[in-house]
Amino acid sequence: MTRFFKLSGGGNDFLALAESDTPPPPERIRAWCRRGVSLGADGLFILRRLPAGVEMDYFNADGYPADLCLNGTRCAAQLAFHLGWETGTVDVRTGAGLVAARRIDAERIRLALPAPPAPAALSVTVDGTTCAGHRVQVGVPHFVLQWEDLERAPVQVLGAALRRHAVFAPGGTNVNFVRYPNRHQMEIRTFERGVENETLACGSGVLAGTAVGLALGHLEMPVRVLTRGGFELAVDTDPADGQETGRWSLGGDARVVAEGTLLPSAAVEPAPPAWS
C-alpha cells in the first residue's frame, strides 16, 4: 500500500508521493493516472525534502518523466507547505532547474522563473492545411496557435496531429490554442504531450502563449489567463525583481484535495478491448 496525495493546480490534477526514493514503474503510474479505473490524474510527482528547499521528479500520465510541469511545481510547493516542511516560500528543484515559489494565500501559489526565450514563427502542414504558429521552449516544447473561436477549436484532432508531427520529432510538442480578447487577457486550451489529451490547464503553455502575445504586440503585462477548467492564472514580471531582470511570475490556484492510501487494486491496467 502506498500513501498518496491528490492535488489540483488550476484544473491540472496530480498524484503525489512524499519522500519516495524509488519511482514507481511507468506501467504503475499509467494505471494510477487512468481515469475511471483508478484515481486518475494528468501526472504524478515525487517530492523529497532537501537541506534547503525541496526536489520533485515529475512523470506524465503516460508514465514517463518530463523536465518541467509548472502547475505541478506550484502543487509541489503547496504540498511542501501542507506537510510543514516549509512556510511561506520554498525553492523547488525540477528537471529544468530551480524554481522559487511563494504562498499567496491558503489556495494560491506563485512561482518566479526566467522568462521564456523569444518565440520562433513556424508553419506546419497537416492534411494539406497550413497552420501558422510559434514554437516556444518553456522547459518543455510548445507550439502556439492563435484561434478566435476557442469553444470550437479542434483541440483533440488537430492538437493530436501536431503533437506528433515530424517537424517536432523526436520528442513531440505540447499544442496550445490561444485567443487574446484584450491587451491584458488571454484564453487558452492545451493538448498536452504525455497526457495525450486536452487538460484543464497547463502552466508552461500559459507562459508560452503569453510570450507569443507579447512578441506579436497583442499583450502587455500583467496578463490574466482563463483556462479550460475555469480558473484564472496570473502572469506578470516578477514583483520581487522589477521590470528589467527577465524574470516572470505565474500565480493561481493550487490545492491539496485528498490524501490516503493507494491499494494494490489501484494499479490494474486493463488491456484495450478486442471487439469482434
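The values are calculated or read from the model by the stated rules, or taken from the named source; none is laboratory data. Bear in mind that the values here come from a model prediction, so they are computed numbers and not experimental data. Backbone-built Cβ (ideal geometry, glycine too); neighbour counts: all protein chains shown. Surface areas here come from the heavy atoms of the whole protein model, side chains and all, with no ligands, DNA or RNA. Shrake-Rupley method; radii C 1.70, N 1.55, O 1.52, S 1.80 Å.
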- Give me the pairs, please: first residue somewhere in the stretch 48-64 and on the phi > 0 side of the Ramachandran plot, second residue anywhere and open to solvent by 50 Å² or more (accessible area, probe 1.4 Å) and modelled with pLDDT of 95 or more, beta-carbon distance under 6 Å, and either six or more positions apart or on two chains. Gly53/Asp91; Gly63/Arg30
- Ala132 open to solvent by 40 Å² or more (accessible area, probe 1.4 Å), under 22 Å from Gly172 (Cα atoms) and touching a Leu at 6+ places or on another chain (Cβ under 6 Å): no
- Message: If I ask for residues that are outside any strand (DSSP E or B) and either within 16 Å of Thr22 (Cα to Cα) or open to solvent by 10 Å² or more (accessible area, probe 1.4 Å) (or both), which ones from the stretch 43-61 would you list?
- Response: Leu50, Pro51, Ala52, Ala61
- If Asp236 satisfies every condition in (1) among the charged types (D, E, K, R); (2) free of Cβ contacts under 8 Å to residues at least 24 places away in the same chain; (3) on the phi > 0 side of the Ramachandran plot but one, which is the exception? (3)
- Task: Please specify each residue of the stretch 93-108 satisfying the condition of being of a type outside the set (A, V, I, L, M, F, W, C) and not in a strand (DSSP E or B).
- Result: Gly95, Glu107
- Query: Hey, does the stretch 18-33 have a residue that's touching a helix residue (DSSP H, G or I) at 6+ places or on another chain (Cβ under 7 Å), part of a strand (DSSP E or B) and of a type in the set (Phe, Trp, Tyr)?
  - Reply: no
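Do the conditions hold for Arg193, that is, is it open to solvent by 10 Å² or more (accessible area, probe 1.4 Å) and touching a residue at least 60 places away in the same chain (Cβ under 8 Å)? It would help to see each step written out before you state the result.
Details: open to solvent by 10 Å² or more (accessible area, probe 1.4 Å): yes; touching a residue at least 60 places away in the same chain (Cβ under 8 Å): yes.
It is true that Arg193 is open to solvent by 10 Å² or more (accessible area, probe 1.4 Å) and touching a residue at least 60 places away in the same chain (Cβ under 8 Å).
Residues being part of a loop (DSSP other than H, G, I, E, B) and of a type outside the set (Asp, Glu): count how many of those fall in the stretch 83-92.
First, pick out the residues of the stretch 83-92 that are part of a loop (DSSP other than H, G, I, E, B): 83-88.
Checking which are of a type outside the set (Asp, Glu) leaves us with 83-85, 87-88.
Selection size over the stretch 83-92: 5.
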